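What follows draws every value from the coordinates through simple rules; no lab data is involved. These numbers were taken from a predicted model, which means no experiment stands behind them. Here Cβ is always computed from backbone atoms with ideal geometry, including for glycine, and neighbour counts include all displayed protein chains.
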Amino acid sequence: MAEILRRDFYARDPVEVARSLLGCRLLRRVDGVCLGGRITETEAYVGAEDSASHAYRGMTPRNRVMFGPPGHAYVYFVYGMHHMFNVVTGAEGVPWAVLIRGLAPELGLDAMRERRGRRPLADGPGKLCQALAIDRGFDAWDLTRGQALWIEAGEQVPDSAVAAGPRVGIDYALPQHREAPWRFCLLGN
DNA sequence: GTCAAGATTAGT
DNA sequence: CTAATCTTGACG
């Protein structure tokens, strides 16, 4: 069993954390069953200066956990149907976060299929939340406790296996933020 | 109170 | 390309 990521892992710049999370394992325990897999895609949201971030216009009831201590989940609901799972990074008071956009499923495939049916299991932020049964009940969840929902270290991922590019779904953001290479993908997925 | 828009997905 | 579906946050 690999090591659960500690708070100091999360207490960094979100771009670094987004890159470092590739290859780590996002795990969920539900009804005594473990499900999850390797993280294959992430996006960094760089706080109050980032026009793509929910924190761009300050703290609101929805985004308040982004301003809290690192190592906690920020989960919200969009489009009337999808949940998004983020991890809070940086220091308390600084609204940095990383959106987890994709997983390569490894554990609990059957349990995930119960929710996803015959469709792709976790190659998108909304699909991943459905497969792992992550909803707003996990907003502010402490990921360092290793209970119900947590992340473990994975094998080292070389830069040659990583692609960085602009984030998706943020056409509303300013050009400099729309184009910033803050999305990371593990190649071959 | 009203209203437009959304860090997406599945189906045409 | 577009519908689905409902919460949020801005405005008044």
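In whole Hz and in residue order, list the ³J(HN,Hα) couplings for the range A:85-95 that follow from phi through the Karplus curve 6.51 cos²θ - 1.76 cosθ + 1.60, θ = phi - 60°; x for Gly and Pro.
10, 10, 10, 7, 10, x, 10, 4, x, 10, x
May I ask you to derive the relative contact order of chain A, considering only C-alpha pairs under 8 Å and at least 6 residues apart, and to give it as an integer percent?
RCO, chain A: 29 percent.
If you build a Gaussian network model of chain A, linking Cα atoms that sit under 10 Å apart, which residue out of A:Gly165, A:Gly108, A:Gly32 swings the most?
A:Gly32
Each residue of the range A:179-187 in order: what ³J(HN,Hα) in whole Hz does its phi give by Karplus 6.51 cos²θ - 1.76 cosθ + 1.60, θ = phi - 60°, with x for Gly and Pro?
Couplings: 8, 4, x, 10, 10, 10, 10, 7, 5 Hz.
What's the local net charge at A:Ala104, with K and R +1, D and E -1, over the other residues with C-beta under 10 Å away?
Once all neighbours under 10 Å are counted, the net charge is -1.
Please find, in a Gaussian network model of chain A (springs between Cα atoms separated by less than 10 Å), the residue of A:Asp142, A:Asp159, A:Asp123 whose mean-square fluctuation is greatest.
A:Asp159
What ranking of A:Ser160, A:Ser51, A:Ser20 emerges when the number of other C-beta atoms within 10 Å of each C-beta is taken as an exposure proxy, fewest first?
So the residues, fewest neighbours to most, are A:Ser160, A:Ser51, A:Ser20.
With θ set to phi - 60°, apply the Karplus curve 6.51 cos²θ - 1.76 cosθ + 1.60 along the range A:71-76 and write out the HN-Hα couplings as whole Hz, x wherever there is a Gly or Pro.
With the stated coefficients, the range A:71-76 comes to x, 10, 7, 10, 10, 9 Hz.
Mean-square fluctuation check for chain A, GNM, Cα pairs under 10 Å: which of A:Glu43, A:Glu92, A:Glu152 is largest?
Most flexible of the set in this elastic network: A:Glu92.
Do the sum for chain A: with -39,500 (n - 2.57) for every DSSP H run of n ≥ 4, divided by all residues, what is the mean residue ellipticity at 222 nm, to the nearest 500 deg cm²/dmol?
Taking each H run of at least 4 residues, the total per residue is -4000 deg cm²/dmol.
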